[in-house]
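**Student:** Let me begin by handing over the structure; questions about it come next.
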Amino acid sequence: MPNQKKIFTVANLTQKIKDAKSLILADYQGLSVAQINRLRDQIKAVGGEFEVVKNRLLKIASDEAKIELDDQVLTGPTAILWAWENELEAIKTLENFAKENNSPKIKSGLFEGKIISAEKIKQLAQIPGKKELQAKLVGALCSPAYGLVNSLSWNLKKLVYVLSEKAKGGEDHGWSKHPT
(Lines give C-alpha, C1' and ligand atoms only; values in the text may rest on other atoms or scores of the structure.)
Protein backbone atom coordinates (compact mmCIF):
# COMPACT_ATOMS: atom_id res chain seq x y z
CA MET A 1 0.00 0.00 0.00
CA PRO A 2 1.48 3.37 -1.01
CA ASN A 3 2.30 5.78 1.75
CA GLN A 4 1.00 9.33 1.91
CA LYS A 5 4.32 10.86 0.81
CA LYS A 6 4.40 8.82 -2.41
CA ILE A 7 0.75 9.66 -3.14
CA PHE A 8 1.55 13.36 -2.72
CA THR A 9 4.68 13.04 -4.90
CA VAL A 10 2.72 11.36 -7.71
CA ALA A 11 -0.01 14.02 -7.53
CA ASN A 12 2.63 16.76 -7.57
CA LEU A 13 4.45 15.21 -10.56
CA THR A 14 1.15 14.77 -12.43
CA GLN A 15 0.29 18.43 -11.95
CA LYS A 16 3.78 19.52 -13.01
CA ILE A 17 3.54 17.42 -16.19
CA LYS A 18 0.26 19.13 -17.04
CA ASP A 19 1.53 22.66 -16.20
CA ALA A 20 5.04 22.62 -17.69
CA LYS A 21 5.63 24.16 -21.13
CA SER A 22 8.13 21.39 -21.74
CA LEU A 23 10.07 18.80 -19.80
CA ILE A 24 13.31 16.99 -20.45
CA LEU A 25 14.29 13.66 -18.92
CA ALA A 26 17.99 13.23 -18.26
CA ASP A 27 20.38 10.72 -16.71
CA TYR A 28 22.30 12.67 -14.08
CA GLN A 29 24.73 9.85 -13.24
CA GLY A 30 28.26 11.14 -12.76
CA LEU A 31 27.28 14.55 -11.41
CA SER A 32 28.26 15.53 -7.89
CA VAL A 33 25.79 17.15 -5.51
CA ALA A 34 27.59 20.49 -6.01
CA GLN A 35 27.25 20.19 -9.80
CA ILE A 36 23.55 19.33 -9.54
CA ASN A 37 23.00 22.33 -7.27
CA ARG A 38 24.87 24.59 -9.72
CA LEU A 39 22.75 23.24 -12.58
CA ARG A 40 19.58 23.82 -10.54
CA ASP A 41 20.61 27.43 -9.94
CA GLN A 42 21.37 28.03 -13.63
CA ILE A 43 18.06 26.53 -14.73
CA LYS A 44 16.12 28.42 -12.07
CA ALA A 45 17.65 31.66 -13.39
CA VAL A 46 16.00 31.05 -16.80
CA GLY A 47 12.61 30.07 -15.42
CA GLY A 48 12.91 26.33 -15.00
CA GLU A 49 13.41 23.66 -12.39
CA PHE A 50 15.70 20.63 -12.24
CA GLU A 51 14.47 17.78 -10.05
CA VAL A 52 15.63 14.22 -9.37
CA VAL A 53 12.71 11.77 -9.50
CA LYS A 54 12.00 8.09 -9.00
CA ASN A 55 11.22 6.31 -12.26
CA ARG A 56 8.32 4.31 -10.86
CA LEU A 57 6.58 7.40 -9.46
CA LEU A 58 7.20 9.31 -12.71
CA LYS A 59 5.66 6.45 -14.70
CA ILE A 60 2.52 6.52 -12.55
CA ALA A 61 2.31 10.33 -12.81
CA SER A 62 2.79 10.31 -16.59
CA ASP A 63 0.05 7.68 -16.94
CA GLU A 64 -2.29 9.85 -14.86
CA ALA A 65 -1.40 12.87 -17.02
CA LYS A 66 -2.14 10.78 -20.16
CA ILE A 67 1.47 10.98 -21.40
CA GLU A 68 3.03 7.78 -22.70
CA LEU A 69 6.67 7.64 -21.63
CA ASP A 70 8.77 4.82 -23.05
CA ASP A 71 9.81 2.31 -20.39
CA GLN A 72 13.36 2.30 -21.80
CA VAL A 73 13.62 6.01 -20.96
CA LEU A 74 12.61 5.31 -17.37
CA THR A 75 15.68 3.26 -16.47
CA GLY A 76 18.68 4.34 -14.44
CA PRO A 77 18.90 7.61 -12.52
CA THR A 78 16.41 10.14 -13.86
CA ALA A 79 16.09 13.88 -13.38
CA ILE A 80 13.55 16.19 -15.00
CA LEU A 81 14.06 19.66 -16.36
CA TRP A 82 10.75 21.48 -15.98
CA ALA A 83 10.47 24.54 -18.23
CA TRP A 84 7.92 26.97 -16.83
CA GLU A 85 8.64 30.17 -18.76
CA ASN A 86 11.05 30.07 -21.70
CA GLU A 87 11.47 26.44 -22.65
CA LEU A 88 14.23 27.05 -25.19
CA GLU A 89 16.41 28.93 -22.68
CA ALA A 90 16.02 26.11 -20.16
CA ILE A 91 16.91 23.51 -22.79
CA LYS A 92 19.95 25.56 -23.88
CA THR A 93 21.09 25.87 -20.29
CA LEU A 94 20.86 22.11 -19.77
CA GLU A 95 22.62 21.38 -23.06
CA ASN A 96 25.46 23.84 -22.34
CA PHE A 97 25.93 22.39 -18.87
CA ALA A 98 25.98 18.86 -20.34
CA LYS A 99 28.66 19.89 -22.86
CA GLU A 100 30.86 21.36 -20.12
CA ASN A 101 30.46 18.46 -17.68
CA ASN A 102 29.73 15.46 -19.96
CA SER A 103 26.59 14.93 -17.93
CA PRO A 104 23.59 14.87 -17.62
CA LYS A 105 22.77 12.72 -20.63
CA ILE A 106 19.47 13.69 -22.20
CA LYS A 107 17.08 10.75 -22.58
CA SER A 108 13.87 12.17 -24.00
CA GLY A 109 11.45 15.01 -23.54
CA LEU A 110 8.03 16.51 -23.97
CA PHE A 111 7.83 19.65 -26.10
CA GLU A 112 4.58 21.29 -27.19
CA GLY A 113 2.66 18.24 -26.00
CA LYS A 114 4.68 15.73 -28.04
CA ILE A 115 7.35 13.25 -27.02
CA ILE A 116 10.67 14.15 -28.64
CA SER A 117 13.99 12.35 -28.86
CA ALA A 118 17.33 13.42 -27.44
CA GLU A 119 18.49 14.38 -30.96
CA LYS A 120 15.53 16.75 -31.41
CA ILE A 121 16.24 18.30 -28.01
CA LYS A 122 19.83 18.98 -29.11
CA GLN A 123 18.48 20.61 -32.28
CA LEU A 124 16.15 22.79 -30.20
CA ALA A 125 19.13 23.88 -28.10
CA GLN A 126 20.76 25.27 -31.26
CA ILE A 127 17.86 27.62 -32.03
CA PRO A 128 18.73 31.23 -31.18
CA GLY A 129 17.04 32.58 -28.08
CA LYS A 130 14.36 35.24 -28.01
CA LYS A 131 16.79 38.07 -27.21
CA GLU A 132 19.20 36.97 -29.96
CA LEU A 133 16.37 36.90 -32.50
CA GLN A 134 15.13 40.32 -31.38
CA ALA A 135 18.64 41.77 -31.75
CA LYS A 136 18.96 40.27 -35.24
CA LEU A 137 15.56 41.65 -36.21
CA VAL A 138 16.46 45.15 -35.01
CA GLY A 139 19.76 44.95 -36.90
CA ALA A 140 18.01 43.80 -40.06
CA LEU A 141 15.41 46.56 -39.78
CA CYS A 142 18.02 49.25 -39.13
CA SER A 143 20.46 48.16 -41.82
CA PRO A 144 18.58 49.68 -44.79
CA ALA A 145 18.10 52.93 -42.86
CA TYR A 146 21.84 53.20 -42.20
CA GLY A 147 22.56 52.54 -45.86
CA LEU A 148 20.06 55.20 -46.92
CA VAL A 149 21.51 57.75 -44.52
CA ASN A 150 25.02 57.08 -45.83
CA SER A 151 23.84 57.32 -49.44
CA LEU A 152 22.01 60.57 -48.87
CA SER A 153 24.81 62.15 -46.89
CA TRP A 154 27.56 61.07 -49.31
CA ASN A 155 27.12 64.07 -51.62
CA LEU A 156 27.24 66.44 -48.66
CA LYS A 157 30.38 64.75 -47.37
CA LYS A 158 31.97 65.04 -50.81
CA LEU A 159 31.04 68.75 -50.98
CA VAL A 160 32.51 69.41 -47.53
CA TYR A 161 35.68 67.59 -48.55
CA VAL A 162 36.04 69.62 -51.75
CA LEU A 163 35.41 72.91 -49.94
CA SER A 164 37.87 72.05 -47.17
CA GLU A 165 40.55 71.18 -49.76
CA LYS A 166 39.84 74.43 -51.59
CA ALA A 167 40.09 76.39 -48.33
CA LYS A 168 43.44 74.75 -47.54
CA GLY A 169 44.68 75.79 -50.90
CA GLY A 170 44.87 72.23 -52.14
CA GLU A 171 45.59 71.44 -55.75
CA ASP A 172 43.00 72.25 -58.30
CA HIS A 173 41.36 69.11 -59.65
CA GLY A 174 39.70 70.95 -62.47
CA TRP A 175 36.45 71.41 -60.58
CA SER A 176 36.52 75.20 -60.94
CA LYS A 177 37.31 75.22 -64.64
CA HIS A 178 34.49 75.14 -67.08
CA PRO A 179 34.92 73.39 -70.39
CA THR A 180 35.09 75.81 -73.31
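**Student:** In whole Å, what is the distance between the alpha-carbon centres of the range 139-165 and the range 58-112?
**Tutor:** 53
**Student:** Quick one: accessible area per residue over the range 120-173, 1.4 Å probe, rounded to a whole number of Å²?
**Tutor:** For the range 120-173, the per-residue accessible area is 86 Å².
**Student:** Another one. Would you calculate, for the chain, the mean residue ellipticity at 222 nm contributed by helices, counting each DSSP H stretch of 4 or more residues as -39,500 (n - 2.57) and dividing by all residues, to the nearest 500?
**Tutor:** Result for the chain, helices only: -19000 deg cm²/dmol.
**Student:** Sort E87, E49 by accessible area with a 1.4 Å probe, largest first.
**Tutor:** My answer, sorted largest first, is E49, E87.
**Student:** For L88, tell me the accessible area in Å² from a 1.4 Å probe, rounded to the nearest 10.
**Tutor:** 40
**Student:** Quick one: accessible surface of T9, probe radius 1.4 Å, all protein chains present, in square angstrom to the nearest 10.
**Tutor:** About 50 Å², rounded to the nearest 10.
**Student:** On the protein heavy atoms, probe 1.4 angstrom, tell me the percent of accessible surface of the chain carried by carbon and sulfur.
**Tutor:** Percent of accessible area from carbon and sulfur atoms in the chain: 57.
**Student:** Tell me the accessible surface of K166 in square angstrom (1.4 angstrom probe, heavy atoms of protein chains only), to the nearest ten.
**Tutor:** 120
**Student:** What aspartates and glutamates could a cross-link reach from K18, if we take a straight Cα to Cα line under 12 Å and drop same-chain neighbours fewer than 8 places away?
**Tutor:** The reachable aspartates and glutamates, counting only those whose Cα sits under 12 Å from K18, are D63, E64, E112.
**Student:** For the full complex of protein chains and a 1.4 angstrom probe, list D27, D63 by accessible area with the highest value first.
**Tutor:** Heavy-atom accessible area, descending, gives D63, D27.
**Student:** Per residue, how many Å² of accessible area does the range 10-64 show with a 1.4 Å probe? Working shown, then result.
**Tutor:** Values: 2790 Å² over 55 residues.
For the range 10-64, the per-residue accessible area is 51 Å².
**Student:** Going by accessible area, probe 1.4 Å, with all protein chains left in place, what is the ranking of I115, I24, largest first?
**Tutor:** Output order, biggest surface exposure first: I115, I24.
The values are calculated or read from the model by the stated rules, or taken from the named source; none is laboratory data. Owing to the predicted nature of the structure, the values given are computational and were not obtained by experimental measurement. The area values use the complete protein model at the heavy-atom level, side chains included, leaving out ligands, DNA and RNA. Shrake-Rupley method; radii C 1.70, N 1.55, O 1.52, S 1.80 Å.
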